[in-house]
Amino acid sequence: DAKTTQPPSMDCAEGRAANLPCNHSTISGNEYVYWYRQIHSQGPQYIIHGLKNNETNEMASLIITEDRKSSTLILPHATLRDTAVYYCIVRGGMEYGNKLVFGAGTILRVKS
Amino acid sequence: DAGVIQSPRHEVTEMGQEVTLRCKPISGHNSLFWYRQTMMRGLELLIYFNNNVPIDDSGMPEDRFSAKMPNASFSTLKIQPSEPRDSAVYFCASSLIKQSGYTFGSGTRLTVV
């Protein structure tokens, strides 16, 4: 699976959009981009995933560049409860197995 | 749905003792994963099962660790004998065998003294 690069930490003001970047320059054609987050002392929580098109759900939006070498997770109106570690993961198609490998992630601090 | 259920939530044991962690995946999910999290090493995948069959156990640290999935609704992770360096939070997760998200349990915090 392709590796990802994320900034170690970011701050965001409450009520503003949080934009979390991820670089995955070695991504291959059948690899998906997944985002998870982990709030302190809890298990990781699935947020969103995509292949090439932008995706949106009730939690967030995922913007993937046309060359697929980077992506951005957008939390449109961050709240204090969004403070967490956010993991960007690239995962291959099913022929490569069904596992997710977590990196260090980005610590997002939402401040009032 | 109650989600992925892990037990116990906390376990404190003495070095050399056997420890068994338990996991009940979400009904209908056919993949199950065991992860370990420490400050030093982050989240590490230990082993995962598809349709109750172990697929990849390359993350299991050593022979002291073993995992079983006797049926679709139950899995165990056993450490025998336990050592202080096994102290960590152990997470279980389940999913469908396709491109979908995992659902994680609340974890078991293991302390070996």
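Quick look at the values:
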| quantity | calculated |
| --- | --- |
| Rel. contact order, % - alpha carbon contacts under 8 angstrom, at least six apart, chain A | 37 |
| Approximate shape of region A:4-112 as ellipsoid semi-axes (Cα gyration tensor, √5λ), whole Å, largest first | 23, 15, 12 |
| Percent RCO, i.e. relative contact order, over chain B, from Cα pairs under 8 Å lying at least 6 residues apart | 37 |
| Residue-count net charge about residue A:20 - beta-carbon cut-off 14 Å; Lys, Arg +1, Asp, Glu -1 | +1 |
| Centre separation in Å (Cα based) which lies between region B:1-23 and region A:46-74 | 35 |
| Cα-based radius of gyration of region B:40-98 once divided by 2.2 N^0.38 Å, which approximates compact folds | 1.17 |
| Interchain or long-range residues, amide H under 5 Å from residue A:3's placed H | A:26 |
| Total formal charge among the other residues, if their Cβ is under 9 angstrom from that of residue A:108, Lys/Arg +1 and Asp/Glu -1 | 0 |
| Residue-normalised accessible area of the protein assembly as shown, given per residue in Å² at a 1.4 Å probe | 50 |
| Interface burial for B against A (accessible surface, 1.4 Å probe, total of both chains, Å², rounded to 100) | 1500 |
| Trypsin sites (Lys or Arg not before Pro) restricted to DSSP loop in region A:1-74 with at most 15 other C-beta within 10 Å | A:3, A:16, A:52, A:69 |
| Kirkwood Rh (inverse of mean 1/r, distinct Cα pairs), the protein assembly as shown, angstrom | 18.2 |
| Relative pair counts by distance (%), Cα atoms of region B:1-45, 5 Å bins | 5, 15, 20, 24, 22, 9, 5, 1 |
| Accessible surface of chain B [probe 1.4 Å, protein heavy atoms]: carbon and sulfur percent | 50 |
| Members of region B:38-71 that become less accessible by 40 Å² or more once partner protein chains are added (1.4 angstrom probe, chain alone as reference) | B:43, B:48 |
| Long-range HN-HN contacts of residue A:70 with modeled amide H, under 5 Å | A:24, A:65 |
| Amide H contacts of residue B:46 (H built 1.01 Å from N, under 5 Å, at least 5 apart or other chain) | B:34, B:35, B:36 |
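The values are calculated or read from the model by the stated rules, or taken from the named source; none is laboratory data. This is a predicted model, so every value here is computed, not measured. Counting neighbours? That spans all protein chains shown, and the Cβs are built from the backbone with ideal geometry, glycine included. The protein model used for the area step is the full one, side chains on, heavy atoms only, and it has no ligands, DNA or RNA in it. Shrake-Rupley method; radii C 1.70, N 1.55, O 1.52, S 1.80 Å.
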